Structure formats: C-alpha cells, structure tokens
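Input: a single structure, listed below in structure tokens.
The values are calculated or read from the model by the stated rules, or taken from the named source; none is laboratory data. These figures come from a predicted structure and were not determined experimentally. Using ideal geometry, Cβ is built from the backbone for each residue, glycine included, and neighbour counts are taken over all protein chains shown. Remember, those area values only see protein heavy atoms, side chains included, never the ligands or the DNA or RNA. Shrake-Rupley method; radii C 1.70, N 1.55, O 1.52, S 1.80 Å.
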Amino acid sequence: MKSTGLLIAAAVLAALTGTLYWSDHHKAADATATPIDTAPKILTLKDADFSKIEIKKKGTEEVGLAKNDAGKWQITAPAPLAADQDAISSIVSTLSSLNSERVVEDKASDLKPYGLTEPALEVDILTKDGKSQKLLVGDDTPAGNAVFAATSGDPRVFTIASYTKTSIDKTPSDLRDKRLLTADFDKISQVELNAKKQSIEFGRNKDAWQILKPRPLRADNFTVEDLVRRLKDAKMDLSSAATDEKKAASTFASAALVATAKVTDAAGTQELQIRKSKEDYYAKSSAVVGIYKVPNDLGSGLDKSLDDFRNKKLFDFGFDEPNKLEMHDGSKAYFLTKGGPDWWSNGKKMDASSVQMLIDKVRDLSASKFVDSGFTTPVIDLTVSSNDGKRTEKVLISKSGDNYIAKRENEPSLYQLDSKPVEELQKSAAGMTVAPEPNPADKPAPAKKK
C-alpha cells in the first residue's frame with residue numbers, strides 16, 4: 001500500500017512540474033495574450049492560383065509539389081512522382097481558406113515560446129502571379145487540441161485546430177498516386193484476363209459487357225464490373241513493411257503467377273501481373289515503375305475462371321416487365337399478353353398476383369453449372385417478349401436424369417438446372433387463375449339527377 005501511494009504521489013509531482021515548466025516557458029505568451037472573440041482567417045487564396053507548395057518538416061525530406069503545363073499536380077521532391085490529385089486538392093482546399101481558432105498575440109516580439117522560431121512544420125506557397133506565402137506551425141497548445149501558427153509578414157500568432165495541421169502534414173507516400181493502372185476506366189473498351197490457364201477477353205458495348213474470347217458468350221455484367229472495379233482500385237501498398245523494393249522484386253521473381261490483366265482505353269493498353277508468395281500478393285504494372293505488395297482481395301478477385309464470368313440467367317429481361325409470355329409444358333399451353341396494367345389469356349383477364357408469381361419464376365431460372373452435353377427432347381418451351389416487343393427470348397428445357405438441361409435459341413451454350421426451380425415454374429403456371437368478376441355492390445351509385 002505504501003509503495004502504491006508513493007508511486008501516485010510521484011506521478012502527481014511530475015505532472016505539476018511539467019505544467020510549471022510549460023508555464024514558465026510560455027509566460028511571455030500568456031502575459032501578452034489578447035483574447036479575441038472572432039477567429040480571423042490566416043490565409044485567403046483561390047485554389048486555382050496555387051502553382052507550387054513546399055512542405056518542410058523537422059527530420060524528414062522536403063516535399064515539393066508543382067502544377068504541370070496541363071494543370072495537374074506532380075510531386076517534384078524528394079523525387080519526381082505522379083501525384084494523387086484528390087489528396088493534393090484537399091491540401092490546397094485547407095490552405096486556401098485557412099481559419100484560426102483565435103489570436104494569441106497581436107504583435108509577437110518573440111516566436112520562440114510558441115515553437116515558431118524552428119517550426120515543427122513549414123509550408124511555402126507560390127501562386128501563379130509569383131507571390132509567396134509562408135505558413136509556420138509550432139508547438140501544441142497546453143490543452144493539446146490545437147497548435148500555434150503564424151505567417152510571414154504578419155506579426156500575429158494564432159492557434160489552429162490540430163486536425164488542420166494533420167490535413168497538411170503529408171509525406172510523399174501520402175500524396176503519391178498509388179494506382180497501379182492509370183487508364184480512364186470510364187472509357188475502357190476491352191479487358192483481358194489470363195488466369196487458371198484460361199485466356200478471357202471482354203468487350204464493352206455501352207454499359208453491357210460480353211465475353212469475346214475464347215468464344216462469344218453471355219457475360220454476367222455484375223461480375224465483370226466487379227473485376228473492372230478491382231483493377232481500377234488496384235493500389236500499391238506503401239506501408240513501411242511493404243516498401244523494401246529489393247525484397248519485393250526478389251519475392252516476385254520466385255512467386256507463382258496468379259493472373260495477368262490488360263485494360264484498353266483510347267490511349268492504349270496497360271498490363272497488370274499478379275503473383276502470390278505464401279499468403280501475400282505482389283503486382284507489377286506496365287503503367288508504373290516497380291513491384292509492389294497489394295491487398296489479398298485483389299489477387300483473389302482476379303483468380304477466376306471463365307465460368308465465373310458467364311451469365312447463368314436463362315433470360316435477359318431482368319426487371320423489365322414482359323409484354324408477352326408463352327409456355328408449353330408437355331400437353332399444357334399458357335398464353336399471356338399484357339394489355340395496359342392487366343394480363344390477359346384467351347380473352348380472359350388474369351389474376352395479377354398469380355401471373356406475377358409465374359414471371360418471377362421465369363426471371364429466376366438460373367444454371368447451377370454449364371455443361372457440354374445432355375440436351376435431348378424439350379419438355380418445356382418458354383418464349384418471353386419484353387422491352388415493348390423489341391426483345392424476344394426463347395428457351396427450351398429438356399429432362400436429364402434428376403436435373404434439367406436448358407438451351408437458349410440460337411446459342412450453343414447448355415445450362416444445367418436443378419429440378420426444384422423447374423418444378424416451381426410448372427406449379428406456378430398451373431396455379432394461375434382468372435381475375436374475379438367485380439362485385440356489382442362495389443360499383444359507385446349513379447349520381448342523382450337534379
């Protein structure tokens with residue numbers, strides 16, 4: 001108990017000693033502090049006027065940023081690198097309208113008490129008209145949620161929020177363009193993927209993807225878009241543990257090839273190669289120099305086969321409302337036509353909910369896997385017209401053991417279906433009913449004549 005009490009007393013004494021030291025160290029600041037209700041701006045510039053920024057920090061290399069002739073930011077120091085435009089725009093936005101929290105001293109004769117004689121951070125700004133501004137960021141305030149700051153040519157000392165300092169205190173790694181592929185992904189027309197000993201080529205027509213190689217096939221648009229997204233978001237890991245260039249190059253050389261992807265836009269084709277060593281993935285890009293460790297989900301996301309990208313749905317009408325539906329199930333036949341908001345069959349208005357159940361079952365028909373053979377005599381014949389009659393799709397379904405094999409008209413692909421969805425389709429078709437006759441009692445009474 002005595003030792004515990006002595007430890008607590010020692011801790012309290014240390015805290016009091018530190019506070020007294022800081023108070024003496026900053027007594028000049030406290031004596032001349034001029035509390036002001038308003039928080040004046042420290043810098044007022046237009047974002048478009050910035051041409052160069054230099055970030056200088058104790059113990060680290062200077063970071064130089066400059067706009068090129070095209071108006072894009074580039075990292076110029078400590079080494080020329082492509083820059084993350086959004087990251088630098090964020091710094092520019094912070095600096096262009098830099099607000100203080102308060103003015104500590106109107107006319108500071110000595111900046112040392114604030115840590116501004118040798119500032120922890122200095123930011124030099126050059127505008128396109130040749131004018132310069134210098135921002136100095138010094139010590140933390142006693143409360144710890146702000147820092148002292150000043151600018152060249154202004155005798156005042158301010159405080160700014162600590163998060164403001166954090167938003168401009170950046171390293172080259174923070175500001176570097178980390179993308180491994182720099183293509184314009186909004187305008188790519190073609191993607192190639194070599195994985196699992198298969199070569200797959202995708203082509204885009206407007207917003208829809210198709211498989212072009214190894215042979216023309218319907219593509220699952222969502223899955224291809226996910227592949228494109230992964231390639232677009234592919235970024236180098238610049239954490240300290242992953243930036244040993246020699247080690248990365250050596251590991252990459254001996255690692256197993258997972259996938260090679262190529263993307264093509266109007267400017268040309270870029271290639272990304274992914275390899276795996278133990279549990280880690282590494283990438284080499286034709287767009288940037290070097291070999292980099294990458295997130296595991298990028299490697300696993302590219303390690304896919306042809307069937308992973310094929311469209312397993314039997315019908316393409318998706319969530320479009322069909323206009324007509326015709327189904328032959330053995331000796332049974334069903335004919336449905338949409339007229340306004342209602343469905344009709346053989347001149348009779350059909351119950352909307354029972355028809356919708358059938359449409360949903362048709363829409364959900366999906367392959368459990370793709371097969372090369374097994375299609376025989378059709379037992380079900382389905383034809384769906386949609387998009388105001390501009391699209392007509394026909395599917396034939398045959399029995400194959402415990403399962404079914406389906407084939408779309410004019411396409412060689414065969415889709416194996418589990419028996420349950422087919423049986424539910426048949427049940428829904430047989431369960432359709434005619435809409436009930438309206439009850440005369442529900443009709444509004446005719447208006448009385450005046």
Given the options Leu227, Leu212, name the one that is in a strand (DSSP E or B) and hydrophobic (A, V, I, L, M, F, W, C).
Leu212
Hey, can you tell me all the residues within the stretch 113-133 that are of a type in the set (D, E, K, R) and either open to solvent by 70 Å² or more (accessible area, probe 1.4 Å) or within 16 Å of Ala66 (Cα to Cα) (or both)?
Glu118, Asp124, Lys128, Asp129, Lys131
Selection over the stretch 134-144 where residues are open to solvent by 50 Å² or more (accessible area, probe 1.4 Å) and either in contact with a Ser or Thr (Cβ under 8 Å, 6 or more places away or on another chain) or in a loop (DSSP other than H, G, I, E, B) (or both) yields a count of 4
When you look at Leu272, is it assigned to a strand (DSSP E or B), open to solvent by 70 Å² or more (accessible area, probe 1.4 Å) and of a type in the set (A, V, I, L, M), yes or no?
no
Do you know which of the residues in the stretch 385-431 that are in contact with a Leu (Cβ under 6 Å, 6 or more places away or on another chain) and aliphatic (A, V, I, L, M) is farthest from Ala219 (Cα to Cα)?
Ala429
Being in contact with a Pro (Cβ under 7 Å, 6 or more places away or on another chain) and either closer than 15 Å to Phe50 by Cα or buried (at least 16 other Cβ atoms within 10 Å of the Cβ) (or both) narrows it down to one of Ala82, Ala70, Ala108, so name that one.
Ala108
Restricting to the stretch 278-303, name every residue that is touching a strand residue (DSSP E or B) at 6+ places or on another chain (Cβ under 6 Å) and surrounded by 18 or more Cβ atoms within 10 Å (Cβ to Cβ).
Tyr281, Tyr282, Ala283, Lys284, Ser285, Ile291, Tyr292, Lys293, Val294, Gly299, Leu302
Every residue from the stretch 236-269 that is under 13 Å from Gly299 (Cβ atoms), in contact (Cβ under 8 Å) with a residue 40 or more places away in the chain and surrounded by fewer than 19 Cβ atoms within 10 Å (Cβ to Cβ)
Asp237, Thr260
Please go through the stretch 360-374 and give me each residue that is part of a strand (DSSP E or B) and of a type in the set (D, E, K, R), ordered by number.
Lys369
Residues (among the hydroxyl-bearing types (Ser, Thr, Tyr) and open to solvent by less than 30 Å² (accessible area, probe 1.4 Å)) located in the stretch 310-333
none
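Of Asp177, Asp186, which residue is crowded, with 18+ Cβ neighbours inside 10 Å and among the charged types (D, E, K, R)? Steps first, please.
On the way: Asp186 fails: crowded, with 18+ Cβ neighbours inside 10 Å.
It is Asp177.
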Consider Ala259 carefully, then state whether it is in a strand (DSSP E or B), of a type in the set (Gly, Ala, Ser) and either touching a Pro at 6+ places or on another chain (Cβ under 7 Å) or farther than 28 Å from Asn410 by Cβ (or both).
yes
Within the stretch 339-359, work out how many residues are touching a residue at least 12 places away in the same chain (Cβ under 8 Å) and either touching a Lys or Arg at 6+ places or on another chain (Cβ under 7 Å) or not in a strand (DSSP E or B) (or both).
8
If you scan the stretch 353-386, which residues turn out to be touching a Pro at 6+ places or on another chain (Cβ under 8 Å), open to solvent by 30 Å² or more (accessible area, probe 1.4 Å) and either closer than 20 Å to Ala435 by Cβ or aliphatic (A, V, I, L, M) (or both)?
Lys361
Does Gly389 satisfy being in a loop (DSSP other than H, G, I, E, B) and surrounded by 13 or more Cβ atoms within 10 Å (Cβ to Cβ)?
no
Taking Ala195 as the residue in question, decide whether it is hydrophobic (A, V, I, L, M, F, W, C), out of contact with any Asp or Glu (no Cβ under 7 Å at 6 or more places or on another chain) and surrounded by fewer than 20 Cβ atoms within 10 Å (Cβ to Cβ).
no
Considering only the stretch 145-162, I want to know if a residue exists there that is open to solvent by less than 50 Å² (accessible area, probe 1.4 Å), out of contact with any strand residue (DSSP E or B) (no Cβ under 7 Å at 6 or more places or on another chain), among the hydroxyl-bearing types (Ser, Thr, Tyr) and touching a residue at least 24 places away in the same chain (Cβ under 8 Å).
no
Residue tally, condition among the polar types (S, T, N, Q) and surrounded by 13 or more Cβ atoms within 10 Å (Cβ to Cβ), over the stretch 334-352
2
Hits in the stretch 92-138 - residues which are over 38 Å from the mean Cα position of the chain (by Cα) and acidic (Asp, Glu)
Glu105, Asp106, Asp110, Glu118
Of everything in the stretch 301-329, what is touching a helix residue (DSSP H, G or I) at 6+ places or on another chain (Cβ under 9 Å), of a type in the set (Gly, Ala, Ser) and either under 21 Å from Lys427 (Cβ atoms) or touching a residue at least 60 places away in the same chain (Cβ under 8 Å) (or both)? Give them in sequence order.
Gly301
